[in-house]
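Notes follow once the structure below has been shown.
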Amino acid sequence: MTGGKGLFYLNYALTHRMHAIAVSKGALVVEGKKLINLAHQHNKKLFFSGATAAALPTVDLFEYNLAGCQILEIEGVFTGTTNFILNDMLQHECAFAESLEKAQAKGIAEPNSSFDVDGWDTAAKITILANTVLGAEVKIQDIPRQGISHVTADHIRDWKKENLIPRLVGFIHIKNQQIQTGVELRLVPANHPFAHLQGSNKCIRVLTQEMGELVVSGGASAPLATAAAALKDFELMLKTGC
């Protein structure tokens, strides 16, 4: 991941004293922290809520609702594609390839789905959150990562017997000023907040020192939702007088 043209355009906008809105993850994964510093240097604002789970509030949650809080844990189901596939496999006890084909037919999964199903999309979002929200220096290639393509119908049947729900979870844990990150296929009990996610809905769970635990869910993956997230950033830009 190099950041591509998106990185060039964001650098250009900020160095020429323009506010910027980013939806693509690439530039933020590669140089998210530098871009934020560049925006501050020129007294401008970089908005990027659409790049970290789109319609699911993530960046805004930390910037506004949890401002000033000490973050202890961030965990979430950040990739709607993988959640749709796992939910479909749970419902129909079918093969991974069959559920993937359904996701592609609905426009939820890309024709080349490896970025999502191999955990790279979740790892990218974890990288952005760790570096921009927590000021870390996480590199995406260093994040331990699992995917879901190895899950079979037999796995699903066995997990259902034990009342366990599979979810692809990205996490950031902070302890003694050390940050641990990862993407893992996690089996959660049926009463867990992640277990209740339907379709391509997503979820974020944050544990703070001052406000305790906060869970936000929803934000199903869809092109309209991503566009709405970018529009929301534009509205915030106008309302905050940027």
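Any read-out appearing in this document is the output of simple, stated calculations on the displayed coordinates, not a laboratory observation. In this text the structure is predicted, and so the values were computed from the model without any measurement. Reconstructed Cβ throughout: ideal geometry from the backbone, glycine too, with neighbour counts over all protein chains shown.
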Extent along principal axes [Cα atoms of region 1-103; Å; largest to smallest]: 54, 35, 18
Aspartates and glutamates near K239 by alpha-carbon distance under 20 Å, same-chain residues fewer than 8 away left out - which ones? D60, E63
For q values of 0.10, 0.16, 0.21, 0.24 Å⁻¹, compute log₁₀ I(q)/I(0) with the Debye formula on a Cα-only model of region 94-199, without solvent. -0.34, -0.82, -1.19, -1.31
By the scheme Lys and Arg +1, Asp and Glu -1, what is the net charge of all other residues having a beta-carbon under 14 Å from that of L38? +4
Region 17-112: GluC sites (Glu not before Pro) in DSSP coil with no more than 15 other Cβ atoms inside 10 Å: E93
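My understanding is that a pair violates if its Cα-Cα distance is over 24 Å; which of K44/K202; K5/K106; K44/K232; K45/K232; K33/K175 do that in this structure? Could you put the intermediate results ahead of the total?
Details: K44/K202 30 Å; K5/K106 28 Å; K44/K232 17 Å; K45/K232 14 Å; K33/K175 21 Å.
Correct reply: K44/K202; K5/K106.
Give me T52, T15 ranked fewest to most by other Cβ atoms within 10 Å of their Cβ, as a rough exposure proxy.
Ordered from fewest to most neighbouring Cβ atoms within 10 Å, T52, T15 come out as T15, T52.
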Difference of contour (0.36 nm per residue) and Cα-Cα distance, T152 to Q104: 15.4 nm
Whole-number Å³ per residue for the convex hull built on Cα positions in the chain: 122 Å³
Would you mind ranking Y64, Y9 so that the residue whose beta carbon has the fewest other beta carbons within 10 Å leads the list? Y64, Y9
Residue-span extension gain [H92 to M237] - 0.36 nm each, minus C-alpha spacing: 47.8 nm
With +1 assigned to the C-beta of every Lys and Arg and -1 to the C-beta of every Asp and Glu, and no other charges, what is the dipole magnitude of the chain about the Cα centre in debye, to the nearest 20? 640 debye
Among A13, A55, A22, which one moves the most in a GNM of the chain with springs linking Cα atoms closer than 10 Å? A13
